[in-house]
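> Just dropping this structure here.
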Amino acid sequence: MNLAEFTIRNKVLSVIVILLTAMGGWSAYQHMPRFEDPEFTIRQALVITRYPGASPLEVAEEVSEPLERAIQQMQEVKKIESVSAAGVSEITVEIKYEFSPSKADLQLIWTKLRNKVTDAQQSLPPGAETSIVNDDFGDVYGIYYLITGAGYTPAELRRYAKQLQSELLQVDGVGKVSLGGELQEAIFVEISRENAAALGVSISSIYDTLAQQNAVVAAGDVIIDDRRIIIDPSGAIDSVAAIQNLLVSTSEQGRITYLRDIAHVWRGYQTPPQKLFRFNRQPAIALGVAGVLGSNIAKIGRAVDMKIADSVSRRPVGIEVQEYYHQGKVVDASVQDFLLNVIAALVIVIVTLFLFMGLKSAIVIGGILLLTIFATLATMNLVNIPMHRISLGALIIALGMMVDNAIVVTEGILVGVKRGLDKLDIAKKIVSQTQWPLLGGTLVGIIAFAPIGFAPGDTAEYTGHLFWVVLISLLYSWVFAVTLTPLFCYWLFKAPPEATGDAQADNAFYRSYKGLLRGALNRRVVTVAVVVGVFLASLWGFQFVKSGFFPTSTTPQIVVDFWLPEGTDIHRTQQDIERVEDFVGQLDGINTIKTSVGGGGLRYMLVYPPESPNGAYAQILARVDDYRQIDKLMPQIQSHIDDNYPDAQAKVWRFVLGPGGGSKIEATFKGPNPKVLRQLAEQAKAIMIKDGGALSIKDNWRQPVSVIEPVYSETSGRRAGVSREDLAAALQTNFSGRSVGVYREDNDLLPIIARAPAAERVGVSDIENVQVLSSSTGKTVPIGQVTDGFKTIWRDGRLRREDRVWTIKAQSDPYPDELASQLHGRIRPAIEAIPLPDGYTLEWDGEYGDSKEANDNLASTLPLGLLAMVLIVFVLFGKVRQPLVIWLVVPLALIGVVVGLVITQFPLEFMGILGILSLSGLLIKNAIVLVDQTDLEINEGKPRYQAVVEAAASRVRPVMMGALTTVLGVVPLFFDAFFQSMAVVLVFGLSFATALTLVVVPVLYAIFFNIRAGEAPGRTALS
């Protein structure tokens, strides 16, 4: 009993399967997780080590180098990048994909990394703090709010933000709630130089008093009767007034006085602030909510909205919690848009089937299509594939392919029924004849997508669900084609009153096609020569195809990166960016402005990489009414900044759909000498400037910074008992302040900072009068007595290395109306012509490097995929010539691809490359159907020439319908930026290639088997 007979004879069981499939699919649709983009693992951790007082070079050599050397011993490490700045080392560790395919695997590696870093601590110099390993800076806070309040102090805003943070952490499914941009408070103790000089050694005892007074110390316990009572002495500082009223010793004779009498004690905010946030031109605190891994962000978003609405009654009047980005709502909207595309594609396919195959055939195939979608959704839910851009796009791509198998079976049964054959008998016959060729074609179609499913790397991980959804859907399409399709046909198709014979013989279309095919067969050399000529022309035309990586996003946001010279104070940066805010805010179409100063914001989308902390940096995220306005607004903002802020470097850009980020053009120089690298980068930047088509031209070491260098006199210092450490401590206390204790307030720890009054901290004109306290004698002397003057020097503010090699990147970006590949193509020859000294190398990163890495990862899995496809075709036929005929038509896909990309002027992006791979599977599938039918008819005894013509004619409608439904099914993707390139490739490539395949396959078959018109009857395919 074959599959068709089984389902027809067991109708009740078949109906149960249909109902379970429909209910399972609907339930999955209701409950499966939803995301805007696929989750992909950020395989990077940050190792931060502070080394106060050290220069960038000292940090690099004494801290970064030993840590890099230890981390490099791990076989899992792919790349080590370090940034050494004044007093701090930041090392980014990237892990190889093959060692961390999942986040669970990655956590084990992070534990190993922590152990390596801990072991390396003994190699660090005295004064270096313990290294911190941060492995969660890639977390995405998909629900993003800004808290503002006119008239409220930053401390009051922070207090409310922490209260709201605690409440949101109670929401089911919420993993983290982070705050950003809070101003940290501190208690300042300001002692003037005059008082400091008079106090002498007593100032140290004052600092000791401040440190000890609020310390938490154990006072033991005592047994009273049979109870043990804890002893807890009072006297802890509980207010600023308590600090002011501290009694301190001010002389060696033990004289005491109130601290308020010799110092100005007050509560304020630490300066300079690390990071500032603004929302619609008001100071703000950012609040980001991240869900637990794999959660339904749309569901979490609704719960968070309810919690915030519930908290309104407890919110102080005037404080507002304003939503900037809500991934739950974005996901709901994007899923709805994609579902509309799915429905549109479904309607297009069914209407097409109705027009070309009739109402009943359309109902049969449409019903099978719906069941396939339901089964696919149910399985996606079971194997944890959520709804997102890639999985829903894969459904649309697969939609047309899902009906191919059902079309072949339905067509065969319909023809048999019209000939008056028994419905059960013809269903059994058609399924027996076609089930294995259809399975082979289906597997080939699936394997064509396999490279993206098994390729390593971030890009493949991002798009990997495309393969798995196609695999699930196409396998179900084959299963339902050979089981439920015959059942539907059995129910719907009615035998005509009398047999109609072969209705195709009288059809004008079929007569025309047969005439064309006979002409091609009779002129086979000319036919092959024409096809080869067209193919060669397409190869020549490929030079006019633009290249890209991932398209720009349709997210209605504009990003403005604003850089002032390295070393600029954050308050100056704030002043300039507020003026830029005013300009951007008055532009038509801008509805919301979010600004961060001193670094990037919270990562609220996977494709948003926050900039590292830097006081010279600010960023504006402007939301627009309609993303179609972005192209008009970006040049206006760029021109305004270029014209009005000569000291600034600005880049106005939009997000990209997919992995990537940073500058699109990066020429990376590596070598042993930082000074030589600077020179090479300057030459590369000069070439970029000369081109005239690049903006935001810079290097990632940025500008050298000026440093004031007091020239310490060892002779004078020894005479005065002042060490270099004493000198540094005096300068730090005077200008920046140093922490001398901690003030506890609820769950906050506020540092107590000793420093000079404001008047003594402005400028350096009076620096020689700073009093230096000798740690050995207890006396103070002016700094001028222990120095030989002061000088200003210039040095690199940031030194970068990759894999322990000094590395600098000359960076730029194209203007919005040009592709990065076009700019790269113009400047590449000149930059590569820069003479490199021995030991120095040049590499290309940026979009070119990301694209090359992604394509290389994809190519690494291609050989196995091609081998599997070849083996399937050879196993299916068990012969050599038939597979050769089939594989020779695969290159024909390129003809339509080139025509489509040149006509539409869309670039060939990464998704387009995947489209080309999938085209090979579709063409092989069509060719298998043609060749198998030809073999079948010859083996049944038909004259070979007639069999070639009749077999092609009998399969022309299924092949054309399969191609047509696939082409029309992906039409909605023309309007989706992410899939646009793939849609062009599939529509044009499949259309041209199918038309050629219907002629070329029979011609090649005739050539390989030496079949000619008028040959003697009775010859078999192998004769």
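> Taking into account only those residues within the range 114-129 that are more than 17 Å from Ile80 (Cα to Cα), in contact with a strand residue (DSSP E or B) (Cβ under 8 Å, 6 or more places away or on another chain) and of a type outside the set (D, E, K, R), which is surrounded by the most Cβ atoms within 10 Å (Cβ to Cβ)?
The qualifying residue surrounded by the most Cβ atoms within 10 Å (Cβ to Cβ) is Ala128.
> Please return the ranges of helices (runs of 4 or more DSSP H) entirely within the range 1-84 where 1 or more residues are in contact with a Ser or Thr (Cβ under 7 Å, 6 or more places away or on another chain), at pLDDT 95 or above and outside the structural domain of Ala128 (by TED's automatic domain parsing). If you could, list the steps in order and put the result at the bottom.
On the way: elements: 3-9, 11-31, 56-59, 65-71.
Output list is empty.
> Which residues, counting only those in the range 261-297, are in contact (Cβ under 8 Å) with a residue 12 or more places away in the chain, part of a loop (DSSP other than H, G, I, E, B) and under 30 Å from Ala759 (Cβ atoms)?
First, the residues of the range 261-297 that are in contact (Cβ under 8 Å) with a residue 12 or more places away in the chain: 262-270, 272-297.
Among the residues that remain, those that are also part of a loop (DSSP other than H, G, I, E, B) are: 263, 270, 272-275, 280-281, 292-296.
Once the filter is applied, which keeps residues that are in contact (Cβ under 8 Å) with a residue 12 or more places away in the chain, part of a loop (DSSP other than H, G, I, E, B) and under 30 Å from Ala759 (Cβ atoms), the range 261-297 yields Ala263, Gln270, Pro272, Pro273, Gln274, Lys275.
> Go through the range 276-299 and count every residue that is charged (D, E, K, R) and farther than 25 Å from Glu581 by Cβ. I'd like the intermediate steps shown before the answer.
Narrowing the range 276-299 to residues charged (D, E, K, R): 278, 281, 299.
Filter once more, keeping what is farther than 25 Å from Glu581 by Cβ: 299.
Number satisfying all stated conditions: 1.
> Just to check your reading of the model, which residue among Ile300, Ile308 is part of a helix (DSSP H, G or I) and touching a helix residue (DSSP H, G or I) at 6+ places or on another chain (Cβ under 7 Å)?
Working: Ile308 fails: touching a helix residue (DSSP H, G or I) at 6+ places or on another chain (Cβ under 7 Å).
Of Ile300, Ile308, the one residue that is part of a helix (DSSP H, G or I) and touching a helix residue (DSSP H, G or I) at 6+ places or on another chain (Cβ under 7 Å) is Ile300.
> Taking the range 383-423, which residues are farther than 22 Å from Pro496 by Cα and outside any helix (DSSP H, G or I)?
Val383, Asn384, Ile385, Pro386, Met387, His388
> Conditions first: (1) touching a residue at least 24 places away in the same chain (Cβ under 8 Å); (2) over 30 Å from Asp305 (Cα atoms); (3) among the β-branched types (Val, Ile, Thr). Thr118 passes all but one, so which condition is the exception?
Checking Thr118 against (1) touching a residue at least 24 places away in the same chain (Cβ under 8 Å); (2) over 30 Å from Asp305 (Cα atoms); (3) among the β-branched types (Val, Ile, Thr), the one that fails is (1).
> When you look at Leu901, is it within 34 Å of the chain's Cα centre (by Cα), outside the structural domain of Gly445 (by TED's automatic domain parsing) and under 27 Å from Val967 (Cβ atoms), yes or no? Break it down stepwise before answering.
On the way: within 34 Å of the chain's Cα centre (by Cα): yes; outside the structural domain of Gly445 (by TED's automatic domain parsing): yes; under 27 Å from Val967 (Cβ atoms): yes.
Taking the combined requirement at face value, the residue satisfies it.
> Taking into account only those residues within the range 940-961 that are surrounded by 20 or more Cβ atoms within 10 Å (Cβ to Cβ) and over 20 Å from Leu1004 (Cβ atoms), which is nearest to the chain's Cα centre (by Cα)?
Here the residue is Met961.
> Given (1) over 20 Å from Pro456 (Cβ atoms); (2) modelled with pLDDT of 90 or more, identify the lone condition not met by Trp110.
Unmet for Trp110, out of (1) over 20 Å from Pro456 (Cβ atoms); (2) modelled with pLDDT of 90 or more: (1).
> Which of (1) in contact with a helix residue (DSSP H, G or I) (Cβ under 7 Å, 6 or more places away or on another chain); (2) outside any helix (DSSP H, G or I) does Val584 not meet, given it meets every other one?
(2)
> Among (1) of a type in the set (A, V, I, L, M); (2) touching a residue at least 24 places away in the same chain (Cβ under 8 Å); (3) over 30 Å from Gln184 (Cβ atoms), there is one condition Ala833 misses while meeting the rest; what is its number?
All conditions pass for Ala833, except number (2).
> Among the candidates Pro646, Pro613, Pro609, Pro659, single out the residue that is modelled with pLDDT under 85, part of a loop (DSSP other than H, G, I, E, B) and surrounded by fewer than 19 Cβ atoms within 10 Å (Cβ to Cβ). Working first, answer last.
Working: Pro646 fails: modelled with pLDDT under 85; Pro613 fails: modelled with pLDDT under 85; Pro659 fails: surrounded by fewer than 19 Cβ atoms within 10 Å (Cβ to Cβ).
It is Pro609.
> Is at least one residue of the range 74-82 free of Cβ contacts under 8 Å to residues at least 40 places away in the same chain, buried (at least 18 other Cβ atoms within 10 Å of the Cβ) and either among the aromatic types (Phe, Trp, Tyr) or farther than 30 Å from Phe979 by Cβ (or both)?
Residues of the range 74-82 that are free of Cβ contacts under 8 Å to residues at least 40 places away in the same chain, as a first pass: 75-78.
When the remaining residues are screened for being buried (at least 18 other Cβ atoms within 10 Å of the Cβ), the result is 76-77.
Adding the requirement that they be either among the aromatic types (Phe, Trp, Tyr) or farther than 30 Å from Phe979 by Cβ (or both) leaves 76-77.
So far as the range 74-82 goes, yes, one or more of its residues are free of Cβ contacts under 8 Å to residues at least 40 places away in the same chain, buried (at least 18 other Cβ atoms within 10 Å of the Cβ) and either among the aromatic types (Phe, Trp, Tyr) or farther than 30 Å from Phe979 by Cβ (or both).
Table: residues versus (1) within 30 Å of Ile91 (Cβ to Cβ); (2) at pLDDT 85 or above.
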| residue | (1), (2) |
| --- | --- |
| Lys779 | no, no |
| Asp796 | yes, yes |
| Ala810 | yes, yes |
| Pro816 | no, no |
| Arg828 | no, yes |
| Ile831 | yes, yes |
| Leu836 | yes, yes |
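> To continue, here is another question. Taking Ser776 and the conditions (1) touching a residue at least 24 places away in the same chain (Cβ under 8 Å); (2) out of contact with any Pro (no Cβ under 9 Å at 6 or more places or on another chain); (3) buried (at least 17 other Cβ atoms within 10 Å of the Cβ); (4) under 18 Å from Ser204 (Cα atoms), which numbered condition does it fall short on, given that it satisfies the others?
Going through (1) touching a residue at least 24 places away in the same chain (Cβ under 8 Å); (2) out of contact with any Pro (no Cβ under 9 Å at 6 or more places or on another chain); (3) buried (at least 17 other Cβ atoms within 10 Å of the Cβ); (4) under 18 Å from Ser204 (Cα atoms) one by one, Ser776 breaks only (3).
> Could you list, in sequence order, all residues of the range 435-446 that are under 16 Å from Pro883 (Cα atoms) and either in contact with a helix residue (DSSP H, G or I) (Cβ under 6 Å, 6 or more places away or on another chain) or assigned by TED's automatic domain parsing to the domain that holds Ala927 (or both)?
Quick first cut of the range 435-446, residues under 16 Å from Pro883 (Cα atoms) only: 436-445.
Selection gives Pro437, Leu438, Leu439, Gly440, Gly441, Thr442, Leu443, Val444, Gly445.
> Working carefully through the options Asp310, Asp404, find the one that is crowded, with 20+ Cβ neighbours inside 10 Å, of a type in the set (Asp, Glu) and out of contact with any Phe, Trp or Tyr (no Cβ under 8 Å at 6 or more places or on another chain).
It is Asp404.
> Shifting gears a bit: Looking only at the range 214-242, filter to residues that are within 50 Å of the chain's Cα centre (by Cα) and among the polar types (S, T, N, Q); which one of those is surrounded by the fewest Cβ atoms within 10 Å (Cβ to Cβ)?
Looking at residues that are within 50 Å of the chain's Cα centre (by Cα) and among the polar types (S, T, N, Q), I get Ser239.
> Looking at the range 685-708, is at least one residue at positive phi and either in contact (Cβ under 8 Å) with a residue 12 or more places away in the chain or polar (S, T, N, Q) (or both)?
yes
> When you scan the range 153-160, do you find a residue that is touching a helix residue (DSSP H, G or I) at 6+ places or on another chain (Cβ under 8 Å) and surrounded by 14 or more Cβ atoms within 10 Å (Cβ to Cβ), even just one?
Restricting attention to the range 153-160, the residues satisfying the condition of being touching a helix residue (DSSP H, G or I) at 6+ places or on another chain (Cβ under 8 Å) are none.
Checked against the condition, which is being touching a helix residue (DSSP H, G or I) at 6+ places or on another chain (Cβ under 8 Å) and surrounded by 14 or more Cβ atoms within 10 Å (Cβ to Cβ), the range 153-160 yields no hits at all.
> Every residue in the range 779-820 that is in a strand (DSSP E or B) and without any contact (Cβ under 8 Å) to a residue 40 or more places away in the chain, please. Reasoning before the result, please.
Initial filter on the range 779-820 (in a strand (DSSP E or B)): 780-782, 787-795, 798-802, 805-814.
Within the range 779-820, Pro782 is the sole residue that qualifies.
> Tell me yes or no: at least one residue of the range 21-35 is among the hydroxyl-bearing types (Ser, Thr, Tyr) and closer than 30 Å to Gly457 by Cβ.
The initial filter retains those residues of the range 21-35 that are among the hydroxyl-bearing types (Ser, Thr, Tyr), namely 21, 27, 29.
Okay, now just the ones that are also closer than 30 Å to Gly457 by Cβ, so none.
Checking the range 21-35: not a single residue is among the hydroxyl-bearing types (Ser, Thr, Tyr) and closer than 30 Å to Gly457 by Cβ.
> Let me ask something additional. Conditions first: (1) surrounded by fewer than 19 Cβ atoms within 10 Å (Cβ to Cβ); (2) assigned to a strand (DSSP E or B); (3) not β-branched (Val, Ile, Thr). Tyr145 passes all but one, so which condition is the exception?
(1)
The values are calculated or read from the model by the stated rules, or taken from the named source; none is laboratory data. Note that the structure is a prediction, hence the values are computed from the model and not measured. Because the Cβ atoms are built from the backbone with ideal geometry, glycine has one as well, and the counts that use them run over all protein chains shown.
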